[in-house]
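Everything on this sheet refers to the single structure shown next.
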């Protein structure tokens, strides 16, 4: 089984345990009880719209993060997931979020910053001349705005829009048989994507 599938499966198995952690309930202006400060899990799927220099089409992104929300509305945490922008990527990032209101329907802003590791296998050809391709990840930055609607106790549905920046590096080694390495080319692609996000929050 691919290692990134095993990783995501393990994270998903932690959801029931995290969702039972205590959190201080609050009451919104319309009298509906909503979760207050405490730990939460956020599972999201995003469409990353836009094109890069190599004309790659839209791609999907799946993220799972864990964070702690303070009584002031600030949340701090970390997360990972699976992205596919030209090559499959495993991101690791710090997460910051701010919820200005304690209401059943609440807007928020978020920021993610980290590094994505390449999951692509190195490609090598063995002929009378050869080539070897090495793929690497790079810097990840993501910011956006959204809203969450608490429809059940300790569970909310969210939608959001944002901007995603991701750097990917590929190094091509070209050589002739018996003659050593002849050329090395590095291609760096910077993805600038519009993000449309849909997710679910467990408190």
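Under the simplified labelling scheme, the residue 60-residue 171 pair shows an inter-label distance of 3.3 nm, with each label point 7 Å from Cα along Cα→Cβ. Going from the residue with the fewest nearby Cβ atoms within 10 Å to the one with the most, 147, 191 rank 147, 191.
Under 14 Å from a point placed 7 Å out from the Cα of residue 141 along the Cα-to-Cβ direction: which residues of segment 149-165 have their backbone N that close? Flagged as within label range: 163-165.
Please arrange 184, 168 by counting, for each residue, the other beta carbons lying within 10 Å of its beta carbon, fewest first.
184, 168
Where a number appears in this text, it was derived from the coordinates with a stated rule and is not lab data. In this text, all values refer to a predicted model and were calculated from it rather than measured experimentally. Using ideal geometry, Cβ is built from the backbone for each residue, glycine included, and neighbour counts are taken over all protein chains shown.
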